[in-house]
Amino acid sequence: CFSVECERPAPLPASERVVGVDVGLSSFATLSTGEHIANPRFFRQDEQALAKAQRRLAKAEKGTSERRQRRQVVAHVHERIRHRRSNFAHHVSRQLVSTYQIIAFEDLNILNMLKNHCLAKSIADAAWSQLVQYTTYKAENAGRVVVLVDPRQTSQRCSRCGIMVPKTLSEREHRCLSCGLILDRDHNAAINILRRGLASVGFDP
């Protein structure tokens, strides 16, 4: 065990740009600027290879060197998925911190969301909490601000006039009958997230 002394990295130059981030499954994230970040679905990409490796492991006789080798193959597939997911989260978080002064996320309860058995695998694969964690510690070193806001009704409330526009999960477009705003559902939510984030740190939305 040893300790080292590291110089604190210099903060980035201040930026006037701010952003709200709405995470999801159809897109990994949608920014309040309207930009969509595609969901790479790393587990889904390797799901067949993992299933094949697990079937071969199940057929190997217990206590043999062949079974130990096949267990290592399964572990390697899991490790590859984990590293790809982590690298992606580092890449996206670095882009956010480099570009924006204030970054607002929803304060999601991921454990409760994983109780939905229809979506649990996709939610776990997306690893939204990893993005928030990486963005937060990078922001601290760069002199940026990350805020977590209440996620309730961010998708249902109109980002222009503020009235409630109820939608089912299958409805991907926001259509406000009051002010006429037509917008992608996630883009509308990201704008609401940004507005709440700015309000929480004392900025006038």
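The values are calculated or read from the model by the stated rules, or taken from the named source; none is laboratory data. Model, not experiment: these values are computed from the prediction. A quick note on method: Cβ atoms are made from the backbone with ideal geometry, for glycine too, and the neighbour counts reach across all protein chains shown. Accessible surface areas use protein heavy atoms only, side chains included; no ligands, DNA or RNA. Shrake-Rupley method; radii C 1.70, N 1.55, O 1.52, S 1.80 Å.
Numbers below:
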quantity	calculated
Rounded if a/c under 1.5, otherwise prolate or oblate - segment 1-85, Cα gyration tensor axes	oblate
Top positive-direction residue, dipole computed over segment 59-205 with Cβ charges, set VAL149, SER159, SER122	SER122
Relative packing of 58-70, 20-32, 36-48, which averages over residues the other C-beta atoms within 10 Å, highest first	20-32, 36-48, 58-70
Accessible area (Å², per residue) of segment 37-178, counting only protein heavy atoms and a probe of 1.4 Å	61
Positive-pole candidate from PHE203, ILE102, GLY63, dipole of segment 56-205, charges at beta carbon	GLY63
Chain lengthening between ARG41 and ALA199 when straightened (0.36 nm per residue, less Cα-Cα)	53.6 nm
Cβ-derived FRET efficiency at R0 22 Å, GLN153 paired with ALA124, nearest 0.05	0.30
Other-chain or far-sequence residues with amide H under 5 Å of VAL147's (modelled H)	ILE103, ALA104, PHE105
Dipole magnitude of segment 94-205, debye to nearest 20 (Cβ charges: Lys/Arg +1, Asp/Glu -1, about Cα centre)	120
For the chain, calculated [θ]222 nm from helices alone, where every DSSP H run of n ≥ 4 adds -39500 (n - 2.57)	-15500 deg cm²/dmol
Simple Cβ-charge dipole of the chain, Lys/Arg +1 and Asp/Glu -1, about Cα centre, in debye nearest 20	1120
Approximate spin-label separation HIS91-ARG8, in nm, with each point projected 7 Å along Cα-to-Cβ	3.2
Check: segment 148-205 dipole with +1 on Lys, Arg Cβ and -1 on Asp, Glu Cβ, in debye	100
Segment 1-135 - percent of accessible surface contributed by carbon and sulfur, probe 1.4 Å	51
Charge dipole (segment 1-65, unit charges on Cβ, about Cα centre) - positive-most of GLY34, PRO11, ALA49	ALA49
FRET E, pair LYS52, LEU25, Förster distance 41 Å, beta-carbon r, rounded to 0.05	0.95
Extension reserve of the GLU171-ARG71 stretch, reckoned as 0.36 nm per residue once the Cα distance is removed	31.7 nm
Antiparallel %, DSSP beta bridges [both residues in the chain], to 5	55
